[in-house]
Amino acid sequence: PQRIYYLSLEFYMGRTLQNTMVNLGLQNACDEAIYQLGLDLEELEEIEEDAGLGNGGLGRLAACFLDSMATLGLAAYGYGIRYEFGIFNQKIVDGWQVEEADDWLRYGNPWEKARPEYMLPVHFYGRVDHTPEGVKWIDTQVVLAMPYDTPVPGYKNNTVNTMRLWSAKAPNDFNLQEFNVGDYIEAVLDRNLAENISRVLYPNDNFFEGKELRLKQEYFVVAATLQDIIRRFKSSKFGCRDPVRTSFETFPDKVAIQLNDTHPALSIPELMRILVDVEKVDWDKAWEITKRTCAYTNHTVLPEALERWPVSLFEKLLPRHLEIIYALNQMHLDRVAALYPGDIDRLRRMSVIEEGDCKRINMANLCVIGSHAVNGVARIHSDIVKNSVFKDFYELEPEKFQNKTNGITPRRWLLLCNPGLADVIAEKIGEGFITDLSQLKKLLDFINNETFIRDVAKVKQENKMKFAAYLEEHYKVKINPSSMFDVQVKRIHEYKRQLLNCLHAITLYNRIRSNPSKAFVPRTIMIGGKAAPGYHMAKMIIKLITSIGEVINNDPYVGDRLKVIFLENYRVSLAEKVIPAADLSQQISTAGTEASGTGNMKFMVNGALTIGTMDGANVEMAEEAGEENLFIFGMRVEDVEALDRQGYNAQEYYERLPELRQAIDQISSGFFSPRDPGCFKDVVNMLMYHDRFKVFADYEAYIKCQGRVDQLFTDPREWTKKVIKNIACSGKFSSDRTI
């Protein structure tokens, strides 16, 4: 069969026990057996550590894809790094985020099997020797890659695929080969330098940090994986008479390599290096094979997230790859120059090498020229990719560009996390939806069925009670389970506009204060997510959220009509608890900035209504369910572009909108930080004078839209009918469809 290799620097897997039981159809049997031993399965499940080998959407998408590929019976392998420390654990101390190392392997990992027999060498540094017999990369430092295999079971189909994660090991002669002064102890201690490669996940989401260790990680996973792929290709006997395959003609028919963002982009020059230098394949033939083998998924259009590596770093670390990239770029530019004679600016834009004070390698451009397919992750994102980010490349090869709207696995994100809802659905339409989520459409027949409406509402209420109890037990916060659970959980980032949510909370608070006897729809606003440790503004946003909560939650005038809760240490296992309990899902990024989003899909299938902008997959969610069944507000991409041309002036909104002005003045004056009145000056200054994401421009529309949310929530029957409509129309957002 053709083998699929999904290369990713992140796999955000979460816990494995319950997922394995669900996919093997053993959950009830295990539940019963454990119960008879006088134990509680749920209590046991809570002991397992999350495998937090990812930051957010990109890493979780990889995990959903593995589940879907196994369930679809595809011969697929996930390849990545076995980080000793995953995404940090987040503690909130005095309202500030504090990071703690995630020592997830401390008590061992029962799901992995080390495979020392498949250990492989990876080379770094050294120099390139051009000899008559060909090119040699010599005098390199070697690090060994030790594979650890984790099973990936499909849903009740007797398929088990493999996720293979590499761990770095120093060779036994490491630093001893150097005729050093015999400092044996020092040499042995230096083994740590090599083994640091797989020590820790870089905790940045949508941000590029050009560190040498990170580039080493990227090459490490690529070099080990490609050796493995080629070993497997050579030894497979399918349609091949030779005891060992020597011709690479059929390689692209047998091997598909999917690059999850540009992080594994070195696959392109590395495959070229192996084919040309090692296997002695002709250059042009090797390039054809490489392009037909690789495909690239773009995950973001934010310029600060694009990988641009200094040439000087490559020169030192991967000298042969730099030569290959230069040669590929020359070939590419020659073609462009022939098609567009004299268009120097186009050559500059399309080059893999960016000239300037520091020459850099643009990894996205490398991926586009080295792949036969390039995809965005939602329709609106794929359009932006074609019309702006890679416009020149799209004009050159339009057939290369595709859309593959993201999805989520319904096994983890419905069956596992919301068994109550899954039961109520199965009662009406059978169990087929679990592997064919489009069958949820059948629920449209029950949109006016009183029993079904009642059952759906009852499941939601039970989930809310359960989550309220969890919050009380673990965080000592008491919340009103009959209030609207208004949830925004995702990484903290300016473009995701948690600040817009804060402004709404403050506005709601001010309205209650100025009119305490009026009837208000009670809300519990929950915001959760991690901030990259070096991202100052994101950390200030967390402090603002906790400070607002401190004031609102302790104001006797407010009572239990409004609470603001920061959900500490948001991660996969917490998402599985909060999402089924949510009434309102906040997806409020500035139009054109969130490539897709996948949390939005999880909330939809779990019976929350969405308040959101026309961004990412929200656009397609609105298309599937009908725009009137989501709370859509704010600027569209066209409006944002128009505002950019005109010039965004925050001051103008501040002066025109009294409730906005009051909220900003309160943040500014220290109303929410009485012990440090100047605490939020950076936040206010950003919002007023250099807000790239135009929070104020959407404030008025957002507040009005939230008013419509309140209004509908006072009519539980109509609210639940919209919920059912959303669930029934969420079938498109299964990762099975994406795959």
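The values are calculated or read from the model by the stated rules, or taken from the named source; none is laboratory data. The structure displayed is predicted, hence computed values, not measured ones. Heads up, the Cβs are rebuilt from the backbone with ideal geometry, glycines too, and the neighbour counts pull from every protein chain shown. With ligands, DNA and RNA removed, areas are computed over all heavy atoms of the protein, side chains included. Shrake-Rupley method; radii C 1.70, N 1.55, O 1.52, S 1.80 Å.
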> Dimensions of the chain along principal axes (Cα, Å, largest first)?
Replying inline: 89, 66, 56
>> If amide hydrogens are placed 1.01 Å from N in the peptide plane, which non-local residues have theirs closer than 5 Å to the one on S167?
In response: R82, M146, Y148
> Which net charge results when you count Lys and Arg as +1 and Asp and Glu as -1 among the other residues whose beta-carbon is under 13 Å from that of A457?
Replying inline: +1
> Using +1 on the beta carbon of Lys and Arg, -1 on that of Asp and Glu, and nothing else charged, what's the dipole of segment 476-728 about the Cα centre, debye to 20?
Replying inline: 900 debye
> With every protein chain kept in the model, how would you rank M331, M614 by accessible area, 1.4 Å probe, largest at the top?
Replying inline: M331, M614
> Packing-wise, with mean Cβ within 10 Å as the measure, how do 467-474, 198-205, 582-589 rank, highest first?
Replying inline: 582-589, 198-205, 467-474
> Roughly how tilted is helix 57-71, in degrees to the nearest 10 and between 0 and 90, from the longest Cα axis of the chain?
Replying inline: 80 degrees
> With the dipole of segment 476-728 worked out from charges on the C-beta (+1 for Lys and Arg, -1 for Asp and Glu) around the Cα centre, which of V578, Q706, Y495 lies farthest toward the positive end?
Replying inline: V578
> Considering only protein heavy atoms and a 1.4 Å probe, what is the carbon-and-sulfur percentage of the accessible area of segment 476-728?
Replying inline: 50 percent
>> Using amide H atoms built in the peptide plane, which far-off residues or other-chain residues are under 5 Å from V255 H to H?
In response: R3
> Which order, highest average first, do 420-431, 642-653, 319-330, 92-103 follow once you tally other Cβ atoms within 10 Å for each residue and take the mean per peptide?
Replying inline: 319-330, 420-431, 92-103, 642-653
> What dipole magnitude, in Debye to the nearest 20, does segment 675-739 give about its Cα centre under +1 on Lys/Arg Cβ and -1 on Asp/Glu Cβ?
Replying inline: 300 debye
>> Would any residue of segment 474-506 have its amide N under 16 Å from a label point 7 Å out along Cα→Cβ of Q662? List them or say none.
In response: 503-506
> For segment 476-728, what is the accessible area per residue in Å², given a 1.4 Å probe and the full set of protein chains?
Replying inline: 34 Å²
> What lysines could a cross-link reach from K518, if we take a straight Cα to Cα line under 25 Å and drop same-chain neighbours fewer than 8 places away?
Replying inline: K478, K563, K704
> Any idea what the relative contact order of segment 623-693 is, in percent, if you count C-alpha pairs under 8 Å spaced at least 6 apart?
Replying inline: 22 percent
> What residue among V152, L72, I185 has its Cα farthest toward the positive end of the dipole of segment 46-199, where the charges are +1 on Lys, Arg and -1 on Asp, Glu, each on the Cβ?
Replying inline: L72
> Does segment 26-100 classify as rounded, prolate or oblate by the C-alpha gyration tensor (a ≥ b ≥ c root eigenvalues; a/c under 1.5 gives rounded; else a/b over b/c gives prolate, otherwise oblate)?
Replying inline: oblate
>> Quick one: 3J(HN,Hα) in Hz for segment 152-169, Karplus 6.51/-1.76/1.60 with θ = phi - 60°, rounded, Gly and Pro as x.
In response: 10, x, x, 7, 6, 10, 6, 10, 10, 8, 10, 9, 10, 10, 9, 10, 7, 10
>> If you fit an axis through the alpha-carbon atoms of helix 212-235 and take the longest principal axis of the Cα set of the chain, what angle between them do you get, 0 to 90°, nearest 10?
In response: 60 degrees
> Under a 5 Å amide H to amide H cut-off, with H placed in plane at 1.01 Å, what residues pair with A373 once short-range neighbours are removed?
Replying inline: Y296
> Using the beta-carbon distance between R636 and D173 and R0 = 45 Å, what value does 1/(1 + (r/R0)^6) give for FRET efficiency, to the nearest 0.05?
Replying inline: 0.15
> Do any of K490/K602; K428/K725; K441/K721; K460/K490; K359/K386 go past 19 Å between their Cα atoms, and which?
Replying inline: K460/K490; K359/K386
> Over the chain, what is the relative contact order in whole percent, taking alpha-carbon pairs under 8 Å and six or more residues apart?
Replying inline: 13 percent
> Taking Cα atoms, how many degrees apart are the long axis of helix 536-553 and the longest axis of the chain, rounded to 10 and kept between 0 and 90?
Replying inline: 20 degrees
>> Let me spell out the model: positive unit charges on the Cβ of Lys and Arg, negative unit charges on the Cβ of Asp and Glu, origin at the Cα centre of the chain. What dipole size does that give, in debye rounded to 20?
In response: 960 debye
>> Could you tell me which residue out of G599, L609, T250 lies farthest along the dipole of the chain toward its positive end? Charges go on the beta carbon: Lys and Arg +1, Asp and Glu -1, centred on the Cα centre.
In response: L609
> Which net charge results when you count Lys and Arg as +1 and Asp and Glu as -1 among the other residues whose beta-carbon is under 12 Å from that of L660?
Replying inline: -4
>> What does DSSP give for the chain in terms of the percent of beta bridges that are antiparallel, rounded to the nearest 5?
In response: 45 percent
>> Translational diffusion coefficient of segment 476-728 at 25 °C, 0.890 mPa s, Stokes-Einstein with Kirkwood Rh over Cα pairs, in µm²/s as a whole number.
In response: 133 µm²/s
>> Could you tell me the relative contact order of segment 476-728? Use alpha-carbon pairs under 8 Å, at least six residues apart, and round to a whole percent.
In response: 21 percent
> Around I512, with a cut-off of 11 angstrom between Cβ atoms, what is the net charge of the other residues, counting Lys and Arg +1 and Asp and Glu -1?
Replying inline: +4
> Within segment 190-333, how many lysine pairs that are 8 or more places apart, or on different chains, have C-alpha atoms less than 20 Å apart?
Replying inline: 11
>> Could you order the peptides 110-120, 631-641 from most to least packed, using the average number of other C-beta atoms within 10 Å per residue?
In response: 631-641, 110-120
>> Residue by residue through segment 714-721, what is 3J(HN,Hα) from phi via Karplus (6.51 cos²θ - 1.76 cosθ + 1.60, θ = phi - 60°)? Round to whole Hz and write x for glycine and proline.
In response: 6, 10, x, 5, 5, 4, 5, 5
